[in-house]
Amino acid sequence: MSTLARLGTVTEAALVVASYTRVSTLEQLEGFGLEVQNGINGDWLRCNPNVVVHGNYQDDAVSGALDSRPAMDRLTADARSGRFDRILVARVDRVGRTGRAAYQWAWNMADIGVHFISVQEGIDTSTDEGWNAFMRYVTASEMEWWHIRERTRAGREMKVKLGGWPGGPAPYGYRIAVDQDNPWGKKHFSVLVTDELESRILHVAADLIIDGGLNLTQTADELNHRALFTRSGVPWSTANLRNRLHAETIHEGFVRYGKPSRSDGGDKTTRCDETRGGSPGLGMKIGVPPIFAPERALQLEAALKAGGFRLPRSKERVYPLSGRIVGTCGQQYTGFSQLGERAYRCKGNLNRQGTCGDMVFRADDVEEAVWKELAGLLRREPHLKRRAVTLLGGLNGDKQSYEERVRDFTARIAEQNRLIEVQVPACLRQNVDRNIMAAAVRELRQELQLLENQLATAQQWLGEHAEHERQADILASLAEPAGTQSAELSISERKKICDMFHVQVRAGEGHLIRRSGVRCAVMEWHFETGTLVPLDPTDEEWDQVEAYLRTVFTRRHFVGPSELRTLFNGCLHRLRCGVSWADMSDMWGPQDRVRERQLSWWKKGAWPQMMAILGADRRGVPAYQRPSLPPLTVTLQLAGAAA
């Protein structure tokens, strides 16, 4: 019996269907392309003349493992508008190659009364029988998809074992070439060969470091001065040059395909002989022609170690404002790592001729300042908040329906386990044929696995939905005066919101007081303890302070060209106004003498007691906090609206 006959004809005149076809690049080559699928769907439609065709939707060269595809998204939106009753596909795997992709799309459509018709398998998911058959075919389709992936990985790894390049950009210092004389005899067999220009640049850099005694920063500057730029044509940075010179191609003579996974989301390529969804592989080594002679490579390694340059890894190297801050010179700020901390610097400071002089911002400081400005704009422009919450939104699907599915699958799994654990032994005790029972148990276990897969998919959707709701709640609360602070959002989540609002920041030329090279311990103590800085002491108060100091210091401490009280008043003035030692007026005596007296009082532990005598716990002003940022102007734009 043909598939069309098994499915039968539709007699319901009001039924409206939308035809959906999807093809990946591989399937197009293997003969199950769009024309074949359109032909299968067309044959079914001709056998059902009463059906109304709403339209044809097709995804070209799109993977069936994706949860979102262009034509599928349009089809879903039209289904929610009530434009058709069924989605017609040539084969079940057109809905999705993985259980997650297929289950969720089918469930979301079923929740609004739209079902799938699969021609080749003779399935209509509007019936219980059709729905169960659909789920079984989804499981089979996912297994086939995993087998295709494993064959593809196996092919790449065989090419690597034969010395070929599996794909992607070549490491620096090399280029991709075609080897006609290869073990497979193929016309297009890619291998890595030395790139003349890039290898010459690496040799120049090595000469400057080994023979010239330059460090990495000086070497990068010299390469830029000679117009020996990076592969993309931009000037060298210290970190970029360091990475090129520390590459395993230079020091170990190979490049690794399928690198181990990294905690910060790096390459997670798996080996084909691993279990489905297993741990990432250790990678395979591809030998490459050496750029340096072994002796020269060892000299370079020793020189780099002697230079002591290290590139610390931060826990979350994400920069929400990279490219969104504009300095006074008109150039953009980009993120970078400074002494292991995230920071932003202006591109105008990377030019060899005439840097702009714009200051470097600590990432935490500028991001918090921008976040507060963003929250203020949302309070003043509530329409932006409402539209942003709508854009952030939730996942396709109905939460209540998914919760019901979880309860239903949980109950059915419990019942299935009861049948296996209780009923089967009972039947065996009644002398039921063991072969029959073995076949029944296999079927029960297959159904159990199918139920467990569906339960896991539904639970995953609910978890993702809860996270979407959390982010939307945080975004909504930002517009409240006592709203959620950015600490409740990860850096990646903040970046998502900055991207959503197209945040732009312009840094002003605000006057920043010059910092000294070493932090002032006295000022830090006032900041940490919250102790106020008192006004200049009265005669009576100074008498008490001086009497205390005479119990701590010798007579020599009170002898000098400047009166001790004047020096003390200079210390208080500096703490109140935040002026640097270098900018101190000489009206309080020589700068060095004022600084020396304050340091001696601090080292002897006298300063806190002097503040206590003057009642600094209840009288005075807070110690001056130097601004770490210039004035910032923040603008937002969301879906055509600006603030």
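The table for this structure:
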read-out: Members of region 102-122 found to be open to solvent by less than 10 Å² (accessible area, probe 1.4 Å) and in a helix (DSSP H, G or I), listed by number; value: 102, 103, 106, 107, 109
read-out: Those residues of region 102-116 which are over 33 Å from the mean Cα position of the chain (by Cα) and at pLDDT below 85, in sequence order; value: none
read-out: Residue in region 522-531 that is on the phi > 0 side of the Ramachandran plot, buried (at least 16 other Cβ atoms within 10 Å of the Cβ) and at pLDDT below 90 present; value: no
read-out: Residues within region 591-607 that are more than 14 Å from residue 572 (Cα to Cα) and either polar (S, T, N, Q) or in contact with a Lys or Arg (Cβ under 8 Å, 6 or more places away or on another chain) (or both), tallied; value: 1
read-out: Scope region 23-39; condition closer than 26 Å to residue 80 by Cα and modelled with pLDDT of 85 or more; matching residues; value: 37, 38
read-out: Pairs, first closer than 18 Å to residue 601 by Cα in region 570-586, second at pLDDT below 85 and open to solvent by 30 Å² or more (accessible area, probe 1.4 Å), C-beta under 6 Å, six or more apart; value: 581/516
read-out: Selection status of residue 447, at pLDDT 80 or above, touching a helix residue (DSSP H, G or I) at 6+ places or on another chain (Cβ under 9 Å) and open to solvent by 30 Å² or more (accessible area, probe 1.4 Å); value: no
read-out: Residue in region 189-213 that is most open to solvent (accessible area, probe 1.4 Å), counting only those that are closer than 14 Å to residue 292 by Cα, within 34 Å of the chain's Cα centre (by Cα) and not hydrophobic (A, V, I, L, M, F, W, C); value: 194
read-out: Subset of region 357-374 [open to solvent by less than 10 Å² (accessible area, probe 1.4 Å), more than 12 Å from residue 632 (Cα to Cα) and at pLDDT below 85]; value: none
read-out: Residue selected from region 546-595 under the condition in a helix (DSSP H, G or I) and of a type in the set (S, T, N, Q), by the criterion farthest from the chain's Cα centre (by Cα); value: 566
read-out: Odd one out for residue 557, checked against (1) more than 24 Å from residue 527 (Cβ to Cβ); (2) open to solvent by 40 Å² or more (accessible area, probe 1.4 Å); value: (2)
read-out: Conditions (1) of a type outside the set (D, E, K, R); (2) at pLDDT 90 or above; (3) outside any helix (DSSP H, G or I); (4) in contact with a Cys (Cβ under 8 Å, 6 or more places away or on another chain): number failed by residue 598; value: (3)
read-out: So residue 545, is it open to solvent by less than 50 Å² (accessible area, probe 1.4 Å) and in contact with a Lys or Arg (Cβ under 6 Å, 6 or more places away or on another chain); value: no
read-out: So residue 565, is it open to solvent by 100 Å² or more (accessible area, probe 1.4 Å) and either of a type outside the set (A, V, I, L, M, F, W, C) or modelled with pLDDT under 90 (or both); value: no
read-out: Sole exception among (1) farther than 25 Å from residue 633 by Cα; (2) modelled with pLDDT of 80 or more; (3) surrounded by 14 or more Cβ atoms within 10 Å (Cβ to Cβ) for residue 472, by number; value: (2)
read-out: Test: residue 598 is open to solvent by 70 Å² or more (accessible area, probe 1.4 Å) and out of contact with any Asp or Glu (no Cβ under 9 Å at 6 or more places or on another chain); value: no
read-out: Selected residue (criterion: modelled with the highest pLDDT) from residues of region 214-269 that are surrounded by fewer than 18 Cβ atoms within 10 Å (Cβ to Cβ) and in contact with a strand residue (DSSP E or B) (Cβ under 7 Å, 6 or more places away or on another chain); value: 254
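The values are calculated or read from the model by the stated rules, or taken from the named source; none is laboratory data. Just so we're clear, the structure is a prediction, and the values are computed from it rather than from any experiment. Neighbour counts are summed over all protein chains in view; Cβ atoms, including those assigned to glycine, are modelled from backbone coordinates with ideal geometry. The area values use the complete protein model at the heavy-atom level, side chains included, leaving out ligands, DNA and RNA. Shrake-Rupley method; radii C 1.70, N 1.55, O 1.52, S 1.80 Å.
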